[in-house]
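Structure first, commentary second.
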Amino acid sequence: MKNRRKIASDLRKLSSVLYTYFPTAEIGSFESAITELHNKDLIPQVPYKESNNNLWGYTLGRLIFNFDNVPRHTLPNNCKDLKLILDIKIVGNCNNLYSLQDPFEWLELNIVIEGTKFAEEGNSQLLTSYHLDRHIMVEGDEDAEFPHPIYHFQFGGRKLASQENLFETGSLLVFDSPRIGHYPMEAILGIDFTLSNFFPKIWRKIKSESSEYINLIEEYQELFLKPYIHTQASQWNYSSADIVINNFWSPTMICPQLYNS
């Protein structure tokens, strides 16, 4: 329970920061996620795996962030009322925390942006979606048609597939691939990633003003990004002394979400 209480406390810290900088956001589901973590009788379930008392997890449903302005280069040009909806489901193993092992048993992060296109002939609903998940290995996966990185980002995902009959693709082609390998992100890293890409001005303001936010991100990158990066790097034999870092080739240039306070 110690690890679960710690994660619950950190989620509350994050929600407090978000309320400060996003006063119109709808983030009430933080409370239910915190309650899940505090409930010692609630053992998360993972498909195709037996559950046990070492598992921790939570669900954050429909965190909604409203856009004050339409981001540059957004198409179509005449869109308004944009809002970003974030859904996160996480299950991890307490035994794998603070190690270089895979920290999660289940991870699903959905970023959906909805809006309205205004036109003389009538208004229409707009939708785009990005999906990060942990691939659950089952028998036969080794013969899959396409590569399945264990953690991968994908454009579209199930959200667009479920809305297939409501949206016309026009000249846009939509494929199931590629599944782009990406480091795993729970709520703290996932929200930081989302803010950096869709609300960059507020993201930079938070980083410049909130040491509590920076401390959270650094701690959770140590927990969840470090095992991923180090496991990938173990493919090769190298010495860190051989790595030459400059203004254009550095950890934070390769991954701008990294913090180095």
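The values are calculated or read from the model by the stated rules, or taken from the named source; none is laboratory data. A quick note: this is a predicted structure, and the numbers were derived from the prediction, not measured. Here the Cβ positions follow ideal geometry from the backbone for every residue, glycine too, while neighbour counts run over all protein chains shown. Accessible surface is based on the protein model in full, side chains and every heavy atom, while ligands, DNA and RNA are left aside. Shrake-Rupley method; radii C 1.70, N 1.55, O 1.52, S 1.80 Å.
Packing, as the average of other Cβ atoms within 10 Å across residues, places the peptides 37-49, 203-215, 81-93 in the order 81-93, 203-215, 37-49, highest first. Surface composition of the range 202-249: carbon and sulfur atoms hold 52% of the protein heavy-atom accessible area at a 1.4 Å probe.
When the pairs LYS40/LYS83; LYS13/LYS205; LYS117/LYS205; LYS13/LYS207 are compared against a 25 Å limit on Cα-Cα distance, LYS40/LYS83; LYS117/LYS205 fall above it. A 1.4 Å probe run over the protein chains yields, for the range 44-133, 54 Å² of accessible area per residue, whole-number rounding. For the range 1-128, the share of accessible area belonging to carbon and sulfur comes to 48 percent (1.4 Å probe, ligands and nucleic acids excluded). For Cα extents along the principal axes in Å, the value computed from the atomic coordinates appears in the list (i) 45, 38, 35; (ii) 59, 50, 49; (iii) 70, 47, 29 under label (ii). When you count the other C-beta atoms within 10 angstrom of each residue and take the mean per peptide, 62-70, 236-244, 249-257 line up highest first as 62-70, 249-257, 236-244.
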